[in-house]
1. Anything in region 324-372 that is assigned to a loop (DSSP other than H, G, I, E, B) and aliphatic (A, V, I, L, M)? List them, or say none.
2. Mind telling me which of the residues A106, A84, A120 ends up being over 25 Å from the mean Cα position of the chain (by Cα), closer than 30 Å to S184 by Cα and touching a residue at least 40 places away in the same chain (Cβ under 8 Å)?
3. Every residue in region 294-339 that is more than 30 Å from T224 (Cα to Cα) and touching a Pro at 6+ places or on another chain (Cβ under 7 Å), please.
4. What number of residues within region 286-304 satisfy the criterion of being open to solvent by less than 30 Å² (accessible area, probe 1.4 Å) and touching a helix residue (DSSP H, G or I) at 6+ places or on another chain (Cβ under 7 Å)?
5. Can you name the condition, by its number, that D423 falls short on among (1) in contact (Cβ under 8 Å) with a residue 60 or more places away in the chain; (2) surrounded by 15 or more Cβ atoms within 10 Å (Cβ to Cβ); (3) among the acidic types (D, E)?
6. Being over 34 Å from the mean Cα position of the chain (by Cα) and either surrounded by fewer than 20 Cβ atoms within 10 Å (Cβ to Cβ) or modelled with pLDDT under 90 (or both) is the filter here; which residues of region 11-52 pass it?
7. Scanning for something at pLDDT 90 or above and open to solvent by 20 Å² or more (accessible area, probe 1.4 Å), does region 102-120 turn up at least one residue?
Amino acid sequence: MIKRNLGILICVLIAVYLLVSPAYALLNFRDFASDVPLFIRYVAIPGLLGIAFLGIGLLAKPSFAMAVGVYGLSVLVALFAFEAFLAFQSISVRLAMLGQLNPAQAETVEQDKNIVRGFALGSLNRFLQTQKLSTALLSGFPNTSVVLCTPDNQIIKYTADRYGFNNPDDVYDLPMDLMLLGDSFVEGFCLPPGQDLASRLRASGFSTAGAGIRGNGPLLELATLGRFGPLFRPRHVAMVFFEGNDWENFENELSKPWLRDALSPAAHFGTQSTAQPASLQARVILNRNNSKPINYIDILTRTAMLRNFLALQQTFTRLGLIYPKAAREMPEFRETLHRAKTITASWGGRFTLVYVPRVDRFVGPFSTDRVYDQLRTIVTDAAAAEGIEVIDLRNALEGKPDPARMYAPDSHFSREGAAFAADVISRHLEIVDRSSRMVTNMR
């Protein structure tokens with residue numbers, strides 16, 4: 001009797017765990033079950049396995065149910081043990097990403113009022129209860145040291161330029177070749193000065209200003225272009241679209257009426273002067289946050305580490321079995337590209353989109369391009385409809401023997417990845433410039 005009950009209990013527990021996935025996927029059908037690969041991965045396979053374990057536990061002979069339950073539990077325990085190992089390895093990376101400081105560093109940062117931890121403009125504008133685009137905070141803090149990350153007890157930071165971006169201030173003293181719009185990939189997350197994407201492009205001969213802040217999405221980037229583009233007047237503007245979270249960020253941005261105003265042809269983007277009060281208030285918030293230490297509790301409260309552990313996220317990623325949510329069609333994205341192209345053309349500039357794939361594409365024994373390309377197709381089709389060229393780093397990385405090497409453990413560009421991306425972008429722009437000169441000479 002004990003043997004039978006134990007077999008039933010083990011099989012039922014495994015079945016319950018497996019059936020959580022299809023239940024969640026069906027409750028969020030649009031995101032996790034509306035496409036065939038997603039349905040197979042998150043509904044069909046775990047659902048059939050869960051039903052099989054439940055049926056065996058309730059209907060099979062006690063000895064068979066016990067054997068199946070023990071084998072199934074052994075596999076599950078092994079998977080969780082491996083997930084625990086990967087999670088333990090990632091703790092230091094996550095703490096570094098959040099900006100953990102040792103006591104001596106924390107004291108220095110707290111005393112130095114000219115240094116701040118990394119920030120997201122979306123969060124700061126939410127705290128500031130921004131209501132108007134013209135007064136919104138759309139850049140960082142001029143001449144301020146910004147902590148990007150803190151790996152191995154080192155502080156990797158940059159000194160912001162006169163507008164609050166990660167550039168040498170003299171980049172504005174000469175005619176600008178290229179303005180980069182983007183998020184942490186453009187800001188140069190966890191890359192030492194001179195190793196980030198904009199610096200690499202400057203080294204290749206393009207006078208480049210990176211106007212990226214972590215957490216930015218396409219609508220914030222459009223607003224940034226609207227405010228600073230006419231001031232910089234670059235020959236080229238490139239919006240760097242990251243496959244990992246830019247679509248979700250864009251959806252969140254559309255819910256903010258003040259930011260959605262950027263889509264209007266009559267939008268008033270404001271200036272550094274109109275945003276000065278917001279900048280001063282935001283500095284007060286960040287100075288207050290500087291005094292708060294980063295610890296292990298922050299990993300649980302500010303990241304999805306616990307949820308990901310229960311979902312065996314890192315293990316399945318290594319196996320190539322984690323698929324992104326189905327991308328929702330948002331016609332406003334094409335409007336965003338149209339507005340960006342129009343604004344850039346107002347001073348004779350040329351607008352380009354740069355597509356950055358996520359590292360998960362290149363991990364695991366099986367190709368997952370079919371799943372990830374749904375979003376890529378939406379984005380590139382919107383660009384094509386507006387006559388905008390796309391520099392597709394997915395295609396560029398396809399020929400590399402180990403594309404995952406282009407990414408750091410934090411899933412941003414590694415030094416090699418930033419150099420590679422800069423080389424692809426600069427070669428594309430050189431071809432465009434050469435073609436433009438030829439057309440000009442023929443006239």
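The values are calculated or read from the model by the stated rules, or taken from the named source; none is laboratory data. Predicted, not measured: the structure shown is a model, and the values here were computed from it. Every residue, glycine among them, receives a Cβ derived from its backbone with ideal geometry; neighbour counts consider all protein chains shown. In case anyone asks, the SASA skips ligands and DNA or RNA and just uses the protein heavy atoms, side chains included. Shrake-Rupley method; radii C 1.70, N 1.55, O 1.52, S 1.80 Å.
1. Selection gives A326, A327, M330, V363.
2. Residue meeting the stated conditions: A106.
3. G320, Y323
4. Filtering region 286-304 for residues open to solvent by less than 30 Å² (accessible area, probe 1.4 Å) gives 286, 290, 294, 298-299.
This time we only want the ones that are touching a helix residue (DSSP H, G or I) at 6+ places or on another chain (Cβ under 7 Å), so: 290, 294, 298-299.
Number satisfying all stated conditions: 4.
5. Condition not satisfied by D423: (2).
6. V12, L13, I51, A52
7. Taking region 102-120 and keeping what is at pLDDT 90 or above, we get 119-120.
The next check asks that each one be open to solvent by 20 Å² or more (accessible area, probe 1.4 Å); those that pass are 120.
Yes, region 102-120 contains a residue that is at pLDDT 90 or above and open to solvent by 20 Å² or more (accessible area, probe 1.4 Å).
Yes or no, residue by residue, for (1) farther than 28 Å from S273 by Cβ; (2) open to solvent by 10 Å² or more (accessible area, probe 1.4 Å); (3) more than 22 Å from the chain's Cα centre (by Cα):
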| position | (1), (2), (3) |
| --- | --- |
| D152 | yes, yes, yes |
| K157 | no, yes, no |
| G188 | no, no, no |
| Q195 | yes, yes, no |
| R200 | yes, yes, no |
| F206 | yes, yes, yes |
| G217 | no, no, no |
